[in-house]
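To keep things clear, I will list the structure first and then write my remarks on it.
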Amino acid sequence: MRRIIAYVVRFAVILIGYAIASLAASAFLNVLFLGYFGYAPGPGHPTIAPALYFSVPFVALFIAYFGFMPAAVVILIAEVLGRRDWLFYALGGAVTAVVFLGFAHNVGDGDFDVTDNNVRLALVGSGMVGGIFYWLSAGRWAGTWRREPLLDAES
């Protein structure tokens, strides 16, 4: 019974970590595009903050949707191998972004394909930021569900 509770708790931590990673990747992508398009308002600018309050969670939904399967594979590998280093998750986020870019290219829809190298690099960078934030929120404890308890109360 204790093992099942540990699995459920770990699964919840993974889902929360994935949501945090999606939000962080979205925030990074939004800030990159604001800078790319030349929006550099001073502190207290009245239009940028409300726009980010809407666009960061909205773009995070798309990031979470399109990155789910490759990120799930990276998370599964990390959990099985017990990888707890930040570099693994940063590179896993980059791989997730590259898989998405490959999928977008192979769909065959010209409007969905990403052709600008700056946008491709921004997506890979946001994948890396998402991976690092996943590591901060959930990845540092990867594989802990597989450990046996040190002391068992029943013995």
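Of the residues screened, A104 is not one that is more than 22 Å from G131 (Cβ to Cβ), more than 11 Å from the chain's Cα centre (by Cα) and in a helix (DSSP H, G or I). From the list A71, A60, A19, A12, the lone residue that is in contact with a Leu (Cβ under 9 Å, 6 or more places away or on another chain) and not charged (D, E, K, R) is A60.
Yes/no per residue for (1) outside any helix (DSSP H, G or I); (2) of a type in the set (G, A, S); (3) at pLDDT 90 or above:
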{"site": "L34", "(1), (2), (3)": "no, no, no"}
{"site": "S55", "(1), (2), (3)": "no, yes, yes"}
{"site": "A64", "(1), (2), (3)": "no, yes, yes"}
{"site": "V73", "(1), (2), (3)": "no, no, yes"}
{"site": "Y89", "(1), (2), (3)": "no, no, yes"}
{"site": "A97", "(1), (2), (3)": "no, yes, yes"}
{"site": "R120", "(1), (2), (3)": "no, no, yes"}
{"site": "V124", "(1), (2), (3)": "no, no, yes"}
{"site": "Y134", "(1), (2), (3)": "no, no, yes"}
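Does any residue of segment 75-98 turn out to be over 13 Å from the mean Cα position of the chain (by Cα), open to solvent by less than 60 Å² (accessible area, probe 1.4 Å), over 18 Å from F133 (Cβ atoms) and aliphatic (A, V, I, L, M)? No; the residues of segment 75-98 include none that is over 13 Å from the mean Cα position of the chain (by Cα), open to solvent by less than 60 Å² (accessible area, probe 1.4 Å), over 18 Å from F133 (Cβ atoms) and aliphatic (A, V, I, L, M). For segment 36-53, a tally of residues being open to solvent by 90 Å² or more (accessible area, probe 1.4 Å), in a loop (DSSP other than H, G, I, E, B) and either modelled with pLDDT of 90 or more or closer than 17 Å to A122 by Cα (or both) returns 2. Within the set R120, R140, the sole residue that is surrounded by 13 or more Cβ atoms within 10 Å (Cβ to Cβ), charged (D, E, K, R) and under 28 Å from V8 (Cβ atoms) turns out to be R140.
Y7 fulfils the conditions (1) under 18 Å from G131 (Cβ atoms); (2) touching a residue at least 12 places away in the same chain (Cβ under 8 Å); (3) open to solvent by 80 Å² or more (accessible area, probe 1.4 Å); (4) not β-branched (V, I, T) except for a single criterion, (1). When we screen L61, L32 for residues that are surrounded by 15 or more Cβ atoms within 10 Å (Cβ to Cβ), closer than 23 Å to S137 by Cβ and under 18 Å from the mean Cα position of the chain (by Cα), the only hit is L32.
The values are calculated or read from the model by the stated rules, or taken from the named source; none is laboratory data. If you're wondering where the values come from, they're calculated on a predicted model, not measured in any experiment. Cβ coordinates were reconstructed from backbone atoms using ideal geometry, including for glycine residues, and neighbour counts include every protein chain displayed. The protein model used for the area step is the full one, side chains on, heavy atoms only, and it has no ligands, DNA or RNA in it. Shrake-Rupley method; radii C 1.70, N 1.55, O 1.52, S 1.80 Å.
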